[in-house]
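The values are calculated or read from the model by the stated rules, or taken from the named source; none is laboratory data. For clarity, every value in this text was computed on a predicted model and none was experimentally measured. Please note: Cβ atoms are built from the backbone with ideal geometry, for glycine as well, and neighbour counts cover all protein chains shown. Each accessible area value is taken on the protein alone, full model and side chains, heavy atoms only, with ligands, DNA and RNA left out. Shrake-Rupley method; radii C 1.70, N 1.55, O 1.52, S 1.80 Å.
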Amino acid sequence: MIGMTRGLALCVLLASVGVQTTAQAQKNAVEIPLRLHDGRLLVPVVAADGTEYEFALSTVNASTILTASTAAKIGSQAVTVDGLAVHMDGFATIPDAQLGADGMIASNTLFDYDVLIDVAGARLVLKPFGREVAWEGITLSEPVRLQVLHGVIFMLSVELNDQSYQATIDLGTQNTLVSSPAGTALGITGAGTATLGIGTVNRSAFPVKVQDLDVFSRFDPTGKGFVMLGAPLALDCVISLSWIHREMRTCVR
């Protein structure tokens, strides 16, 4: 019954916002230059005064993030990425040294779109969501169903060396992190590799780093182990994410 209720709610939402057909959404897709630097996925943004900045992508933060120096320069100006508005309401400010970019585009901007991250093609594609997730000329896996907590945070089940773990996706993190219990089960201390399984797709020799974050205890109260899928998920594999459709698709191997 819960699943049926959620499905009905999604259908009502799609109808209420006048969701586009797949063809319409493809036509209105915007391609944004994307580059990789020091393990971060960076895109150009422009403030209202014409000043250009580079923002990293984040798929876990709820609000746009600015470094202190960027916040001082931008002030209350509007910011756009290839003409699309970057939501600046309630942006957070962090010290410059904590981020190797001028700021971060967060989920409050990205969840308005179906998102394609194509590092090899040096592009981020933002497409108004349609009735289904489809990308012209690209073959991706069958959709992996996602939970979306608080309308922002992706949660899913993954396998590392055939052991199942709860995971989240934060492409703003430079590494894929596993908590200490997962590292112990995998026989990894520090950094290593494992076979990553997401849905029906397996990726061998996938790089992981053992690190405990305070937030992990909230997602993994039993202490079995937790995974944060970072930027390496997209470095050599096209990734499609959709908040509205609650799904991820990856390259097929």
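Summary of computed values
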quantity: Filtered residues of the range 195-253 (kept if more than 12 Å from Ile117 (Cβ to Cβ) and among the β-branched types (Val, Ile, Thr)); calculated: Thr195, Ile198, Thr200, Val201, Val208, Val210, Val215, Thr222, Val227, Ile244, Val252
quantity: Enumeration of residues in the range 53-73 that are surrounded by fewer than 23 Cβ atoms within 10 Å (Cβ to Cβ), closer than 19 Å to Ser107 by Cα and hydroxyl-bearing (Ser, Thr, Tyr); calculated: Tyr53, Ser63, Thr67
quantity: Total residues in the range 202-218, condition at pLDDT below 95, out of contact with any Leu (no Cβ under 9 Å at 6 or more places or on another chain) and not in a loop (DSSP other than H, G, I, E, B); calculated: 2
quantity: When residues of the range 121-139 are limited to those that are at pLDDT below 95 and among the aliphatic types (A, V, I, L, M), the one least open to solvent (accessible area, probe 1.4 Å); calculated: Val133
quantity: Strands (runs of 3 or more DSSP E) completely within the range 116-184 that count 3 or more residues being under 25 Å from Thr195 (Cα atoms) and not hydrophobic (A, V, I, L, M, F, W, C); calculated: 163-169
quantity: Any hit, the range 185-193, residues being in a strand (DSSP E or B), over 20 Å from Val60 (Cα atoms), out of contact with any Leu (no Cβ under 7 Å at 6 or more places or on another chain) and of a type in the set (S, T, N, Q); calculated: yes
quantity: Selected residue (criterion: least open to solvent (accessible area, probe 1.4 Å)) from residues of the range 178-230 that are without any contact (Cβ under 8 Å) to a residue 12 or more places away in the chain and within 22 Å of the chain's Cα centre (by Cα); calculated: Val215
quantity: Residues satisfying the stated conditions in the range 74-118, i.e. aromatic (Phe, Trp, Tyr) and open to solvent by 50 Å² or more (accessible area, probe 1.4 Å); calculated: Phe91, Phe111
